[in-house]
1. Identify all lysines with a Cα-Cα distance to Lys61 below 25 Å; exclude those on the same chain that are fewer than 8 residues away in sequence.
2. If amide H atoms are built 1.01 Å from N in the plane of the peptide, which residues on other chains or at least 5 residues away come under 5 Å of the amide H of Ser27?
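Bear in mind that the values in this text are calculations on the coordinates, not laboratory data. All values derive from a computational prediction rather than experimental measurement.
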Amino acid sequence: MKKDIHPEYAPVVFRDISANFAILTKSTISSESTVEWEDGNTYPVVDVDISSESHPFYTGKQKIMDTAGRVEKFRQRYAKAGDKA
């Protein structure tokens, strides 16, 4: 590898705020905020919106959206435009 062109690869904590879940792994991402981990060391922390603990694919819990209301609104809105044609 060429020297001085690659980012630093160091331990980082990724924390999912919505699921109260955190994982320590290595990454090239950097962060100003830090957190004390279970081993007593301090690591940079990156807050994420979604992880395997909160993603519907992994949890099996999906939100069902009311698409029928949206479709009906669309049809009502553009039915008037179809009448003019």
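1. Partners within reach: none.
2. Those qualifying (amide H under 5 Å, at least 5 residues apart or on another chain) are Ala10, Val12.
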